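Asker: Dropping a structure here in structure tokens format, bear with me for questions.
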Amino acid sequence: MFPKQHFLIGLVFSALFVTAFPQIGILGFLLILASSVLIDVDHYLYYVHEEKNWSLKNAFKWFVIKHKEYLQLPKTERSKHRKLFFFLHGIEPLILLFILGYFFHTWFYYILIGFAFHLFLDIVQIKKYQDSLYKLSVIYDWFRFKRD
Ligand SMILES: [Zn+2]
């Protein structure tokens, strides 16, 4: 799912969330919205690392091409597709945010909600594209990524 869709759906989600829990305030609303989109910064950093290029525009184009290539594969092949590594897309960052929220500030909980919502949307979409269940571990991904 691309940032624009994440932003629009995230906006609706954050608005509903702040309506249900007005005590989170405008800051809570903004943190949930921002984190539901900005979690994808790991995609950009992956691109920078792989291509040694800092252009955000090029990174976007690169992912559009990668996504098209992926969609051209038969559904059964897609889960075997070479995995890209995104260090914020997984359960471990959520656990870390929970710990930070518990010990330091509720702001981390809002980021956790935004990240979790984003991951939920990604999983819903990935399940449409491929048969196998989407994993949710950054550590698992890392070892798979290293092996491929
Ligand atoms: Zn994502």
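The values are calculated or read from the model by the stated rules, or taken from the named source; none is laboratory data. Predicted, not measured: the structure shown is a model, and the values here were computed from it. All Cβ positions, glycine included, derive from the backbone under ideal geometry; neighbour counts span all protein chains shown.
Asker: Take the stretch 37-63 and flag every residue that is more than 20 Å from ASP141 (Cα to Cα) and either basic (Lys, Arg) or outside any helix (DSSP H, G or I) (or both).
Answerer: Result: LYS52, ASN53, TRP54, SER55, LYS57, LYS61.
Asker: For LYS66, work out the one condition from (1) surrounded by fewer than 18 Cβ atoms within 10 Å (Cβ to Cβ); (2) within 30 Å of PHE143 (Cβ to Cβ); (3) in contact with a helix residue (DSSP H, G or I) (Cβ under 9 Å, 6 or more places away or on another chain) it doesn't fulfil.
Answerer: Going through the list (1) surrounded by fewer than 18 Cβ atoms within 10 Å (Cβ to Cβ); (2) within 30 Å of PHE143 (Cβ to Cβ); (3) in contact with a helix residue (DSSP H, G or I) (Cβ under 9 Å, 6 or more places away or on another chain), LYS66 breaks only (3).
Asker: Could you tell me whether any residue of the stretch 120-127 is over 16 Å from the mean Cα position of the chain (by Cα), without any contact (Cβ under 8 Å) to a residue 12 or more places away in the chain, within 16 Å of the ligand (Cβ to nearest atom) and closer than 15 Å to MET1 by Cβ? Explain how you work it out, then say what you get.
Answerer: Taking the stretch 120-127 as the starting set, the residues that turn out to be over 16 Å from the mean Cα position of the chain (by Cα) are none.
No, because not a single residue in the stretch 120-127 is over 16 Å from the mean Cα position of the chain (by Cα), without any contact (Cβ under 8 Å) to a residue 12 or more places away in the chain, within 16 Å of the ligand (Cβ to nearest atom) and closer than 15 Å to MET1 by Cβ.
Asker: Identify all residues within the stretch 1-32 that are of a type outside the set (Val, Ile, Thr) and within 15 Å of the ligand (Cβ to nearest atom); write none if there are none.
Answerer: Scanning the stretch 1-32 gives MET1, PHE2, PRO3, LYS4, GLN5, HIS6, PHE7, LEU8, GLY10, PHE13.
Asker: I've got another one for you. Given the conditions (1) assigned to a loop (DSSP other than H, G, I, E, B); (2) more than 23 Å from SER137 (Cβ to Cβ), report the number of the one that ALA34 does not fulfil.
Answerer: Evaluating ALA34 over (1) assigned to a loop (DSSP other than H, G, I, E, B); (2) more than 23 Å from SER137 (Cβ to Cβ) leaves (1) as the failure.
Asker: Still on this structure: Taking the options LYS80, LYS68, LYS57, LYS75, name whichever one is among the basic types (Lys, Arg), away from the ligand (no atom under 16 Å from the Cβ) and modelled with pLDDT of 95 or more.
Answerer: Residue meeting the stated conditions: LYS57.
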